[in-house]
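Colleague: The structure that follows is given in the form of structure tokens.
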Amino acid sequence: MHWDAVKFLKPIRDYVDTLVHPSAQGDALTSARHRAFIGPRLIGSSAALASFPAYLAMRGVPSALEIVVFAWLIAPILIAYFLSRTGRYESAHVLSSLALTALVTMVAAKTGGISSFAAIWLVIVPLEAALSASRRVVAAASTLALLAAGLLMVGGAMQLLPTPATPEQGQGALAALGIVSAALYSTGLALGAESLARTSFWLLYAEEDRYRLLARNMTDVITRHGRNGSVLFASPAAEPLFGASVADLLGHGLFDRVHVADRPAYLTALADARAEGRSVEFRVRRDRPEGGHKATVRFIWIEMRCRPLDRALGGNAAPQDREVVAVMRDVTERKAQEQALEDARSDAEQANTAKGHFLATMSHELRTPLNAIIGFSEMLANEAEMRLDAERRHEYAALINDSGKHLLSVVNGILDMTRLDTGDFEIRPEPFRLAGVIDGCCDLLALKAREAGLDLVVDVPPEPAEIVADKRAVKQILINLLSNAIKFTDRGGRIKVSAAAEGTMIAITVEDNGIGIGEEDLPRVGSPFFQARGSYDRRHDGTGLGLSIVKGLVELHGGEIAIRSRIGEGTRVTVRLPLDCEQARRLEDTVTTRPRPLADAARATGEITMAVKKSA
């Protein structure tokens, strides 16, 4: 009997819904199977029992067999109640098959055995059990039907059962009733099977529709890969993620977009995932159209979690032949954050190293002149005991004076660097002739150069353009550059200072043929307290602040500094300053006063060139 066809019996349908066991109400298909079992048995048995008085009115006094048949109609009601109370669907089907087999066997035994009209009902027993969608129930029902048929055949062969009754003996009406009832019952089973099949179809369609909706709206990409890693399926989210259509990603389209350096890791993860789940991160090319014509290409970071295909979906193949399901998501921002954290950690380590280097350097740079000052001043204080002559006293006083000046220069360098680093250093631009400042600085350090055995050459046009800058800062720039050149040039070397106008800029160059700077040190030259490593020279002391102060002062003027150096051939430092730094600074949207480490190294014919400009 088709339960859904009786929609006009809504109260009865609602009542049947209340009889479904709570364990089955959470699943639509299971609930439909319970209703298909309970409803026909309640309605069919109740209707048959209700027709019993009418049957008596037409038939008269019933026989014992007819009374048994009508009494048996109570069994389906009891079995439906059993399912409603316990929720044991398979057990209810087995009980129903057992009750039907017992009734059919008894009726057939009384009406002619295997040749009885009732024997046809034995075919219906396994058909009814098929609605349970359980192999165990079908096997049990089939066994019961075969055993019953076997008993009827054996009983008939041994003449233990009565011969078939004839219509004249009053059994015609019962035979007709049995055949009609069997046909009706079979029709009900067929309609029930169709109803369950239709319910299963729509439930499956609804489930697939939910998965399709989920796949269309989730940002993660779901892919299915064959044994060779080829893409068999990709969810719609792949198009915005990779900037390509799903069709372009199928086959080896996705593999062709993986960064060459990450392809081994990508293939290895897919291969290992056939045995167990794997996770891998790799870069994939993403195409982004611009203006509807051209496309910009960049690589994004993808996290892929993959696992072998579920066996229920066809994953029973050997591990090496098993398909793989993967979920991918864009982790570019996370990788950028990780890189930023790594850079911050590296900067912190460098800062800690610089701090230790600074403490070691300062302890030497401060202690040496202080020891000289204290030592020679004690000698002068005890000149009577030490019997110092005038020439010796004059020598000690000069040493104390030199040590004091050196100590003052160290302290001034630290203070200037601190002010530059905190942005408290202010320049006071004023117009002046650059030639006079260059000559003055060279004259100031000429004696030191001669004592070091160096040739100091000045090549400055007699009348270079007047510039507007902080005169004191420009002097400090020149003095620091000349001091470095003198310090790192061996005796007999040559230092050249030149200046030339370049449009709206003036270029000042200090060039030497000293020891030079190593390739590994050049990117960090200009960092506070950094000194080139001593693998190629350890004869020169200093705080490492000179070039860092130069860089900060040049940036404050809106200029730039470029360094070209080669080991054993010397160093050339070029400082370019605007002819009018006030005007240049007004053109800047923002001014960055905090010096940053020099970077951007480039190689050209064995040389290393580094340029740092002021950031806007």
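Colleague: Specify which of the listed residues (254, 270) is assigned to a helix (DSSP H, G or I), touching a Gly at 6+ places or on another chain (Cβ under 8 Å) and closer than 19 Å to residue 331 by Cβ.
Modeller: 270
Colleague: Can residue 78 be described as of a type outside the set (Ser, Thr, Tyr), at pLDDT 80 or above and farther than 19 Å from residue 134 by Cβ?
Modeller: Against the criterion (of a type outside the set (Ser, Thr, Tyr), at pLDDT 80 or above and farther than 19 Å from residue 134 by Cβ), residue 78 qualifies.
Colleague: Among residues belonging to the range 420-460 that are part of a helix (DSSP H, G or I), of a type outside the set (Val, Ile, Thr) and crowded, with 18+ Cβ neighbours inside 10 Å, point out the one that is modelled with the lowest pLDDT.
Modeller: 420
Colleague: Mind checking which pairs have a first residue in the range 224-244 that is part of a loop (DSSP other than H, G, I, E, B) and a second that is surrounded by 20 or more Cβ atoms within 10 Å (Cβ to Cβ) and of a type in the set (Val, Ile, Thr), Cβ under 6 Å, 6 or more apart or different chains?
Modeller: Pairs found: 235/221; 237/221.
Colleague: Another one. Among the residues of the range 24-43, how many are in contact with a Phe, Trp or Tyr (Cβ under 8 Å, 6 or more places away or on another chain) and within 21 Å of residue 102 (Cα to Cα)?
Modeller: Residues flagged as in contact with a Phe, Trp or Tyr (Cβ under 8 Å, 6 or more places away or on another chain) and within 21 Å of residue 102 (Cα to Cα) within the range 24-43 amount to 2.
Colleague: Among the residues of the range 494-511, is any more than 54 Å from the chain's Cα centre (by Cα) and acidic (Asp, Glu)?
Modeller: No, the conditions are met nowhere in the range 494-511.
Colleague: Test residue 262 against the stated conditions and say whether it is under 18 Å from residue 283 (Cα atoms), open to solvent by 70 Å² or more (accessible area, probe 1.4 Å) and among the acidic types (Asp, Glu).
Modeller: Judged against the criteria, residue 262 is not a match.
Colleague: Something else now. Restricting attention to the range 465-524, which residues are in a loop (DSSP other than H, G, I, E, B), modelled with pLDDT of 85 or more and closer than 13 Å to residue 572 by Cβ?
Modeller: Listed by number, the residues that qualify are 488, 489, 513, 514.
Colleague: Which residue pairs have Cβ atoms under 7 Å apart, sit 6 or more places apart or on different chains, and have a first residue in the range 122-137 that is closer than 11 Å to residue 97 by Cβ and without any contact (Cβ under 8 Å) to a residue 40 or more places away in the chain and a second that is assigned to a helix (DSSP H, G or I) and open to solvent by 40 Å² or more (accessible area, probe 1.4 Å)?
Modeller: Going by the 7 Å Cβ cut-off, the qualifying pairs are 125/144; 126/138; 129/138.
Colleague: Do the conditions hold for residue 578, that is, is it closer than 28 Å to residue 412 by Cβ, modelled with pLDDT under 85, touching a helix residue (DSSP H, G or I) at 6+ places or on another chain (Cβ under 7 Å) and not hydroxyl-bearing (Ser, Thr, Tyr)?
Modeller: Spelling it out, it is not the case that residue 578 is closer than 28 Å to residue 412 by Cβ, modelled with pLDDT under 85, touching a helix residue (DSSP H, G or I) at 6+ places or on another chain (Cβ under 7 Å) and not hydroxyl-bearing (Ser, Thr, Tyr).
Colleague: Scan the range 211-229 and give yes if some residue there is modelled with pLDDT of 65 or more, open to solvent by 70 Å² or more (accessible area, probe 1.4 Å) and among the β-branched types (Val, Ile, Thr), otherwise no.
Modeller: Yes, the range 211-229 contains at least one residue that is modelled with pLDDT of 65 or more, open to solvent by 70 Å² or more (accessible area, probe 1.4 Å) and among the β-branched types (Val, Ile, Thr).
The values are calculated or read from the model by the stated rules, or taken from the named source; none is laboratory data. Just so you know, these numbers come straight off a predicted model, no measurement behind them. Positions of Cβ are generated from backbone atoms using ideal geometry, with glycine treated the same way; all protein chains shown enter the neighbour counts. The protein model used for the area step is the full one, side chains on, heavy atoms only, and it has no ligands, DNA or RNA in it. Shrake-Rupley method; radii C 1.70, N 1.55, O 1.52, S 1.80 Å.
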